[in-house]
Every structure is written in structure tokens, then in C-alpha cells.
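Encoded as C-alpha cells, the structure appears first; notes follow it.
The values are calculated or read from the model by the stated rules, or taken from the named source; none is laboratory data. In this text, all values refer to a predicted model and were calculated from it rather than measured experimentally. Don't worry about glycine lacking a Cβ; one is built from the backbone with ideal geometry, like all the others, and counts go over all protein chains shown.
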Amino acid sequence: MKHNKLIRDKIIDIINSKNEYAITHVASEGEYKIKLREKLLEEVNEFLKDENKEEMADIFEVLNLICKSKEWGMEDVENLRKEKAEKRGSFDKRIILDET
């Protein structure tokens, strides 16, 4: 079965432990960035189907790796989130814009 997707580092060990065989390669920097974006969409879609903490943790893992690949510190991103929330607000009040 063909997959062509980014997998967690220990999945190969899990496949091998089942006496199955996996063909893999290590992504180039460019391919890795593309596959991280694809993985983010995959994980978000899984969360939308089944809203649970495990799926949210998968999203956080991918977001962390995207930040790492771009050399963005998670603390810097969190500070930016806080700054934007202070300037423009958050989404806590559940306000829906119907028209302008």
C-alpha cells in the first residue's frame, strides 16, 4: 500500500515488530516542509472528525515541528499570540460578524 506521507519516528519500529516491511526515505528540507503542511491538514481533519485530546496533541506536535523547521521559537509565537489578543481581542466572546 502506498502512503507517501510523513510518519512519526518510531512507526518503522512498530511496522517491523509486526513482521511487516516498510519502504521509506528521508525527506529533503523542501519536501519536509511540504509534508509538514500536509500532515497539519491531515491532523486538523482528524480532529474535526473526532474532537479529542489525542488529536489535539497531534496538531500541537506538527505545529511545534513547523515552528522548529522555520526556526521560530514557540515562546516567540506564544508572545505574538498574546500581543494580538491584547490588541485585537481573542475569540472568547463568541462574536459572529454577520454583515458590515
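Only a single item in (1) surrounded by 11 or more Cβ atoms within 10 Å (Cβ to Cβ); (2) modelled with pLDDT under 95; (3) not hydrophobic (A, V, I, L, M, F, W, C) is not met by residue 75, and it is number (1). Within region 36-54, if we keep just the residues that are more than 10 Å from the chain's Cα centre (by Cα) and surrounded by 12 or more Cβ atoms within 10 Å (Cβ to Cβ), the residue that is farthest from residue 3 (Cα to Cα) turns out to be 47. In the set (1) surrounded by 12 or more Cβ atoms within 10 Å (Cβ to Cβ); (2) farther than 13 Å from residue 6 by Cα; (3) among the charged types (D, E, K, R), residue 33 fails one condition alone, (2).
Within region 71-98, the set of residues being charged (D, E, K, R) and under 21 Å from the mean Cα position of the chain (by Cα) comprises 71, 75, 76, 78, 81, 82.
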